[in-house]
Amino acid sequence: MTTETGALDLAAERLDTAQHTVAAVGQLPGGLTPADAYAIQDAVIARRLARGERPAGLKLGFTSKAKMAQMGVSEVIVGRLTDAMRVPDGGEVALARFIHPRVEPEIAYRIARDVTPDDDELPVDAVAPALEIIDSRYRDFRFSLPDVIADNASSAGFVIGAWQPPGADLGGREVRLTVDGADVETGSTDAILGHPDRALPELLRIARRQGMPLRAGHVVLAGAATAAAPFPAARVEVHVAGLGTASVLGTAPDAATG
Ligand code: OOG
Ligand code: MG
């Protein structure tokens, strides 16, 4: 049975308020189907777009065993990125924007042109190392699969390194996540579904099923290659062998003056 629209709207309002007031909420009532959960996500995104944000792409979640094990979830999910979530490479982000942010190393693909129903694969014109900032709106990052889908897959921010032409094999590359230069997570791009390029058909399949458009210039995040790490007031950097780096500085209010 599907949940009534009124209940879905209420859940969306709760999650949206949690995001922009930076205050965690409890999990949603049980019994939601994945379809209900994506309907809530749609309503959460509609609210953000109504405030002037623009769609910037899509992200996959739980494409690696490390992430599935860390979060106790075992199904690939999709969330939406907006321009308000983007942080320039090498830039700063105030940690006060988030409830309990974590950061993870990712691979980004750029969509070459608007995707149509006739496309049987995603047209990609560039690839880049990337960081994703995730921030569950649920207390203690505790959620069920429908909860996290409804919460836009914990999306909160993203950083894209220098775009490069596609073509080189992105499989089997070492991935490192560093904080102030020290390794905190290490892994391989093959942790992402066996090969990061496998994220693309998976994304196309779910995006189509859910009616999520993909436009020229949109970013696709393939999913973290390692578990996520807490995002501290420090410089966080992703290093992907042969592909480069992307970094962001988390800033906290200065205790002396604030
Ligand atoms: C959900 C987001 C998962 C990934 O890369 O696997 C994700 C979460 O862990 O809170 O972004
Ligand atoms: Mg991610």
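When segment 238-256 is filtered for residues that are more than 16 Å from ligand 2 (Cβ to nearest atom) and either closer than 19 Å to Glu106 by Cα or under 18 Å from the mean Cα position of the chain (by Cα) (or both), the ones remaining, listed by number, are His239, Ala241, Gly242, Leu243, Gly244, Thr245, Ser247, Leu249, Gly250. Selection of segment 186-202 for residues being closer than 16 Å to Gly242 by Cα and not in a helix (DSSP H, G or I) yields Thr186, Gly187, Ser188, His195. Of all residues in segment 56-85, those that are outside any helix (DSSP H, G or I) and either within 12 Å of ligand 2 (Cβ to nearest atom) or in contact with a Ser or Thr (Cβ under 6 Å, 6 or more places away or on another chain) (or both) total 13.
Here Gly171 passes the criteria (1) in a strand (DSSP E or B); (2) touching an Asp or Glu at 6+ places or on another chain (Cβ under 6 Å); (3) of a type in the set (Gly, Ala, Ser) except the one numbered (1). For segment 86-142, a residue qualifies if it is basic (Lys, Arg), assigned to a strand (DSSP E or B) and within 16 Å of ligand 1 (Cβ to nearest atom), and the qualifying residues are Arg86, Arg102. Mind checking which residues of segment 86-114 are of a type in the set (Asp, Glu) and within 16 Å of ligand 2 (Cβ to nearest atom)? Across segment 86-114, the qualifying residues are Glu104, Glu106. Residue check: is Thr3 away from ligand 2 (no atom under 16 Å from the Cβ), outside any helix (DSSP H, G or I), polar (S, T, N, Q) and in contact with a Pro (Cβ under 9 Å, 6 or more places away or on another chain)? When the stated conditions are applied, Thr3 passes them. Restricting the first member to segment 32-51 and to residues that are in contact (Cβ under 8 Å) with a residue 24 or more places away in the chain, and the second to residues that are surrounded by fewer than 18 Cβ atoms within 10 Å (Cβ to Cβ) and among the acidic types (Asp, Glu), the beta-carbon pairs closer than 7 Å and six or more apart or on different chains are Ala43/Asp9.
Applying the criterion of being surrounded by fewer than 14 Cβ atoms within 10 Å (Cβ to Cβ) and assigned to a helix (DSSP H, G or I) to the residues of segment 18-34, the residue that is farthest from the chain's Cα centre (by Cα) is Thr21.
Arg142 passes every criterion in (1) loosely packed, with under 15 Cβ neighbours inside 10 Å; (2) in contact (Cβ under 8 Å) with a residue 40 or more places away in the chain; (3) closer than 24 Å to Ala56 by Cα; (4) not hydroxyl-bearing (Ser, Thr, Tyr) apart from (3). Only one of the numbered conditions (1) more than 16 Å from ligand 2 (Cβ to nearest atom); (2) at pLDDT 95 or above; (3) open to solvent by 70 Å² or more (accessible area, probe 1.4 Å) is not met by Ala12, and that is (3). Within segment 44-68, track down each residue that is surrounded by fewer than 19 Cβ atoms within 10 Å (Cβ to Cβ), away from ligand 1 (no atom under 11 Å from the Cβ) and under 18 Å from Val148 (Cα atoms). Passing the criteria: Ala46, Arg47. Residues that are in a loop (DSSP other than H, G, I, E, B), within 26 Å of Ala94 (Cα to Cα) and touching a Gly at 6+ places or on another chain (Cβ under 8 Å) were ranked within segment 152-168; the one that is farthest from ligand 2 (Cβ to nearest atom) is Ala162.
The values are calculated or read from the model by the stated rules, or taken from the named source; none is laboratory data. Computed from a prediction, not measured in an experiment: that's the story for all the values here. Cβ: placed from backbone, ideal geometry, glycine included. Neighbour counts: every protein chain shown. What goes into the accessible areas is simple: the full protein's heavy atoms, side chains included, and nothing from ligands, DNA or RNA. Shrake-Rupley method; radii C 1.70, N 1.55, O 1.52, S 1.80 Å.
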